[in-house]
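The values are calculated or read from the model by the stated rules, or taken from the named source; none is laboratory data. The model shown is predicted, which means the values in this text are computed figures rather than measured ones. Because the Cβ atoms are built from the backbone with ideal geometry, glycine has one as well, and the counts that use them run over all protein chains shown. Protein only, heavy atoms only, side chains kept; ligands, DNA and RNA dropped before computing areas. Shrake-Rupley method; radii C 1.70, N 1.55, O 1.52, S 1.80 Å.
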Amino acid sequence: MAQPTAQAVKLVDRPLASPGPDEALLRISCAGICGTDLHIIGWNSWAAKRYRTPLPLGHELCAEIVEIAPGLGFAPGDRVSAETHLGCGSCAQCLQGRGHTCETLKTFTSLGLGAFGDYAVVPVALLRRAPTGIQDEQVASMEPAGIGLRAARHALRYGNNVTVSGCGPIGLFTILALRHLGATRVLAIEPSEMRRSLALACGAHDAIVPNTKTDTSTARQPDAVVETSGAPAALASALAMPRAGGGVVTVGLPAADVPVDVAGQIVLREIRLEGVYGRLVNEGWTDLQEALADGLDLSPAITHSYSLENYHEALDTAARSASGKVILRM
């Protein structure tokens, strides 16, 4: 991933639009830096296929509603986060409850919205109520935490012994969710020493460097692997790890095609390969809200907080694999 640069990102003033009849004006309190933001800033092939510049960044938010029309289920003063996928509501995917894979999907960033600023006008359909008693930084982390919770639930279908490959923010949220849901064995695999320490702080029973020899108890084949890094070598390793009949849940986005030995890695060992993209638009948020109310604590994965004016330092920290979740404060 290319490093963020001063030439790639600028802090600018934009006119503040008035909300339409199905929109809300939000005052942003804080926003998380996502891997998608870093992909866009680095302008890899994945980003170049999906976005057009210039565009505002940021979609993981905690905000207060400033202005909204009556009768839309929210009121001024409500504290909210936001879903990032806006489905059409009428295609085959949406009718199956899969708005996040809508045939004409619009995303927060592609809609021209942006949470890295003081205010944003957001469709009411994207708003999600923030749980009471949860700090703003955790509210801003609900969007990626929902992905980790969903990945954890998929992995636990195969059993309670789960390996998490990659301990960036999504991997850390996955570890927190696995422990909250009762996983009896969680192994973290991560090249960064700092992130291995974070994995242990989030509840992993052990954290190791990729491709290292470990004792038998640590190296035994897990029931499932959650691969969050998107690194081609990590995905290839993940496919070889589970016991026969186990599963691999992929969350990371590889920047290029990844060769897969379908016969040896999947068919002959009956490994199930699943992709997780975002959250189920409604059920995923309800699931996370209930988990937070039940005691799921996201704070161990949130490591850095910067003012918006220090965004270059914040982006650099997030891109150097020297952090968990990085938050920008408005």
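Condition check: under 18 Å from the mean Cα position of the chain (by Cα), of a type outside the set (Asp, Glu) and assigned to a loop (DSSP other than H, G, I, E, B). Does residue 253 satisfy that?
Values: under 18 Å from the mean Cα position of the chain (by Cα): yes; of a type outside the set (Asp, Glu): yes; assigned to a loop (DSSP other than H, G, I, E, B): yes.
Criteria met by residue 253.
Name the residues in the stretch 109-142 that are among the hydroxyl-bearing types (Ser, Thr, Tyr) and closer than 23 Å to residue 22 by Cβ, would you?
Filtering the stretch 109-142 down to residues among the hydroxyl-bearing types (Ser, Thr, Tyr) leaves 109-110, 119, 132, 141.
Correct list: 109, 110, 119.
So if I check each of 267, 248, 225, which one is modelled with pLDDT of 90 or more and more than 30 Å from residue 319 (Cα to Cα)? Step through it out loud before you land on a result.
Details: 248 fails: more than 30 Å from residue 319 (Cα to Cα); 225 fails: more than 30 Å from residue 319 (Cα to Cα).
Answer to the check: 267.
Mind listing whichever residues of the stretch 20-55 are part of a loop (DSSP other than H, G, I, E, B), touching a residue at least 40 places away in the same chain (Cβ under 8 Å) and either open to solvent by 30 Å² or more (accessible area, probe 1.4 Å) or among the charged types (D, E, K, R) (or both)?
Across the stretch 20-55, the qualifying residues are 21, 22, 43, 44, 55.
Restricting attention to the stretch 83-109, and to residues there that are under 17 Å from the mean Cα position of the chain (by Cα), in a loop (DSSP other than H, G, I, E, B) and polar (S, T, N, Q), which single residue is farthest from residue 63 (Cα to Cα)?
Ranking the candidates gives 109 first.
Going through the stretch 110-137 one residue at a time, which ones are in contact with a strand residue (DSSP E or B) (Cβ under 8 Å, 6 or more places away or on another chain), open to solvent by less than 70 Å² (accessible area, probe 1.4 Å), assigned to a loop (DSSP other than H, G, I, E, B) and over 22 Å from residue 299 (Cα atoms)? Let's see the steps before the verdict.
Our first condition is that a residue be in contact with a strand residue (DSSP E or B) (Cβ under 8 Å, 6 or more places away or on another chain); within the stretch 110-137, this holds for 111, 113-130, 136-137.
Next, from what is left, pick out any that are open to solvent by less than 70 Å² (accessible area, probe 1.4 Å): 111, 113-117, 120-128, 130, 136-137.
Narrowing further to those that are assigned to a loop (DSSP other than H, G, I, E, B): 111, 113-117, 130.
Residues satisfying the conditions are 111, 113, 114, 117.
If the requirement is being of a type in the set (Ser, Thr, Tyr), in a helix (DSSP H, G or I) and farther than 23 Å from residue 195 by Cβ, which of these qualifies: 317, 286? Talk me through it step by step, then tell me what you get.
Values: 317 fails: farther than 23 Å from residue 195 by Cβ.
Result of the check over 317, 286: 286.
How do the pairs read when you match residues in the stretch 290-302 that are within 13 Å of residue 181 (Cα to Cα) with residues anywhere that are open to solvent by less than 50 Å² (accessible area, probe 1.4 Å) and part of a loop (DSSP other than H, G, I, E, B), using Cβ under 8 Å and keeping only pairs 6 or more apart or on different chains?
292/131; 292/134; 292/298
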